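Okay, structure first, notes after.
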């Protein structure tokens, strides 16, 4: 046993050093998520035809301190006054331009201030657009074969401020600027701005139960 003592001591020291090194490299991982209600306003369109709309988005992701990797899913409605669209034979009044989107993105935040949580985000948008077709082909500023949803890629940049309410909850207010490429739907790139309000939930560190390196 005495002969094994130096070996056991060396093994214990190596294990302790490895544990200390792992703690130094530990990444505090937590869940962050929330929901937003917005008012999308298209840019460079006829205001008599395209009205301000409404949107709802839910998102969640992995918070590692200054950076959050998140995924969002949302739905957007924009009222279109078909009575004002030129050369439409049978207008049907207000029809919704509908957008579904799935948006993986990255968020940069300042987590060191107790009262607020400032952030900016960038996200790729996988958009599905839908508008009731009057006939086959292209017309006005959209292009479609029928009323089925059509894919168009896009991008959203966002700046916001989380105002700490209680424990892990924040009031979320901000502004975003989005674009959609032509894809299978539009005849040209479309842009819109969107003020929003919502909430953020920022969970405890290591809520996912793991360590990162």
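The values are calculated or read from the model by the stated rules, or taken from the named source; none is laboratory data. All of these numbers come straight from a predicted model, not from anything done at the bench. Cβ coordinates were reconstructed from backbone atoms using ideal geometry, including for glycine residues, and neighbour counts include every protein chain displayed.
Checking the conditions here, which among 88, 41 is within 35 Å of the chain's Cα centre (by Cα), at pLDDT 65 or above and at negative phi?
Details: 88 fails: within 35 Å of the chain's Cα centre (by Cα).
The match here is 41.
For the stretch 50-67, indicate whether the set of residues that are more than 17 Å from the chain's Cα centre (by Cα) and in a strand (DSSP E or B) is non-empty.
Within the stretch 50-67 (the criterion being more than 17 Å from the chain's Cα centre (by Cα) and in a strand (DSSP E or B)), the answer is yes, since at least one residue qualifies.
Among the residues in the stretch 82-95, are any closer than 23 Å to residue 183 by Cβ and assigned to a strand (DSSP E or B)?
yes
Of everything in the stretch 50-80 that's surrounded by fewer than 16 Cβ atoms within 10 Å (Cβ to Cβ) and over 22 Å from residue 178 (Cβ atoms), which residue is modelled with the highest pLDDT?
66
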